[in-house]
Amino acid sequence: MSDPKFWVAISFVIFIALAWKPLIGRFLSGLDARSARIKAEIDEAQRLRTEAEAMLKRAEAARADAEKEAAALLAHAREEAARVTEAARVELDVALKRREKMALDRIAAAEAEAAAAVRNAAADVAIAAARNLIASGLTQDGHASLVDAAIADIPQKLH
């Protein structure tokens with residue numbers, strides 16, 4: 001016991017025993033703090049990952065909605081184009097029928113006008129021929145008999 005090495009060893013053991021608790025406490029509190037910081041970072045990363053997944057799902061849903069809307073717009077545009085095409089076809093058919101009727105009416109009017117002109121010309125020729133015939137071959141008595149016959153035919157011609 002009188003050996004200095006013994007007392008140094010004892011004092012070293014006592015120093016370690018006394019310093020152990022504060023040193024180990026500091027060491028463990030540093031480890032605990034680092035562990036808490038790492039856990040907080042892991043929790044933050046997990047939260048960010050969850051948010052990123054939610055944002056991805058929303059983005060995918062928005063993309064799907066946009067695709068559906070685009071498909072619906074395209075379908076509507078096709079339907080509208082078909083409707084406009086059909087309306088234009090119907091309108092064209094109506095216009096062609098109207099023009100055909102107008103052309104037929106003009107042809108009928110021209111035919112009627114031509115027939116009236118031919119009748120008028122024939123009547124003029126017949127009147128002229130009758131005048132010539134009457135003037136050349138009828139006597140006063142013949143004229144009187146023609147006038148009497150014409151007067152007698154008036155009631156029948158008026159009905």
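The values are calculated or read from the model by the stated rules, or taken from the named source; none is laboratory data. From a predicted model like this one, the values you see are computed outputs, not experimental measurements. Every residue, glycine among them, receives a Cβ derived from its backbone with ideal geometry; neighbour counts consider all protein chains shown.
So here's what we get for this one:
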item: Residue match in the range 59-67 (condition: at pLDDT 90 or above, more than 30 Å from L146 (Cβ to Cβ) and more than 46 Å from the chain's Cα centre (by Cα)); result: no
item: Cβ-Cβ under 7 Å pairs, at least 6 apart or on other chains, the range 140-159 side farther than 16 Å from A130 by Cβ, far side at pLDDT below 75 and assigned to a helix (DSSP H, G or I); result: none
